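A.B. asks: Please read through the structure below; I'll follow up with questions.
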Amino acid sequence: MTDPKPIITIENVNKYFGQLKALNNVSLSVRPGEKVVIIGPSGSGKSTLLRTINRLEEIDSGRIIVDGFDIMDKQNDINRIRMEVGMVFQNFNLFPHKTVLQNLTLAPTKLKKIPLAEAEENGRRLLRKVGIEEKANVYPAQLSGGQQQRVAIARALAMNPKIMLFDEPTSALDPEMIGEVLDVMVHLAREGMTMVVVTHEMGFAREVADLVVFMDQGEILEVGTPEHFFQECQHSRAKKFLSQIL
Ligand code: ADP
Ligand code: MG
């Protein structure tokens, strides 16, 4: 990586849900263009960590800087910061009563005041990019899960984000549809997008990750390259987890 300055800095972050400590002194930096894959057992805090990056979850202490802005600082406009950070969820979360193309044009026209014709042109370009241009005028329910997730990725890209967050984007998909979504993500990675991806797809991690982060019980227990992880990972909990999913 040529740019040494992180685009995401997470410092000593703690987050409670009532008594439960969901994030325990978590620190992580991501540089522009880096791909970070977060793995770990269910309930280990992966989604919570991802959601703190665009303040879908508030933190109790610590600091999160995104593209130079302290996201907890009330002086900063969180909606502007959110525009820089696209998010893709496990369950697609498309607007069911809008067509595919309308799903892509809604936020750019409403939040960025981009003229509809321009937003539509950009939307069609993105649908082409994710291989689904012919579905522009159908409703989400008429699509397969893999197609819906590709639309969700295109919708996030329509805001022209600097960072993309993915929370188990293939976990809700039938096995035969996982590949088409991963292909889109690999393509995006190759184009240089900064990506933080929670996934159990270790093939994807091996292929694109600069860093793999292992979480357990709200803590980051190990950070390393994919090679390190799959060959010499030290932590017994990480080893056990990998042996269960590989
Ligand atoms: P993961 O994504 O690794 O499965 P999560 O970040 O979703 O884990 O959850 C971490 C812990 O926080 C879990 O114990 C979960 O039950 C708890 N948790 C997550 N969201 C909430 C919430 N909104 N309210 C209460 N507890 C929550
Ligand atoms: Mg989760």
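Every number here is computed from the coordinates shown, using simple stated rules; none is lab data. This one's a predicted model, so the numbers in the text were calculated from it and none came from an experiment. Positions of Cβ are generated from backbone atoms using ideal geometry, with glycine treated the same way; all protein chains shown enter the neighbour counts.
A.B. asks: Give me the base-10 log of I(q)/I(0) for the chain at each q in 0.09, 0.13, 0.15, 0.16 Å⁻¹, Debye formula, one uniform scatterer per Cα, rounded to two decimals.
C.D. replies: Result of the Debye calculation: -0.39, -0.82, -1.08, -1.21.
A.B. asks: Charges only on Cβ, +1 for Lys and Arg, -1 for Asp and Glu: so what's the dipole of the chain about the Cα centre, in debye to the nearest 20?
C.D. replies: Around 540 debye, computed over the chain.
A.B. asks: Suppose a student asked you for the relative contact order of the stretch 1-104, using Cα pairs under 8 Å spaced at least 6 residues apart; what percent would you report?
C.D. replies: Relative contact order of the stretch 1-104: 26 percent.
A.B. asks: Below 8 Å, C-alpha to C-alpha, sequence gap of six or more: please give me the relative contact order for the chain in percent.
C.D. replies: 26
A.B. asks: Taking the Cα centre of the chain as the origin and placing charges on Cβ (Lys, Arg +1; Asp, Glu -1), which of Ser47, Pro115, Gly68 is farthest toward the positive end of the dipole?
C.D. replies: The residue sitting farthest along the positive end of the dipole is Pro115.
A.B. asks: Give me the Å³ per residue figure for the convex hull around the C-alpha atoms of the stretch 89-211.
C.D. replies: Per-residue hull volume (Cα only) is 98 Å³.
A.B. asks: Another question about this same structure. Distance check, please: which entries in Lys5/Lys112; Lys21/Lys239; Lys35/Lys162; Lys21/Lys46; Lys46/Lys240; Lys5/Lys35 exceed 19 angstrom between their Cα atoms?
C.D. replies: Among Lys5/Lys112; Lys21/Lys239; Lys35/Lys162; Lys21/Lys46; Lys46/Lys240; Lys5/Lys35, the Cα-Cα distance tops 19 Å for Lys5/Lys112; Lys21/Lys239.
A.B. asks: Can you give me the Cα centroid spacing of the stretch 20-50 and the stretch 59-76 in angstrom?
C.D. replies: 16
A.B. asks: Cα-based Rg (one decimal) and Dmax (whole number) for the stretch 26-121, in Å?
C.D. replies: Rg, Dmax (Cα atoms, Å): 15.9, 45.
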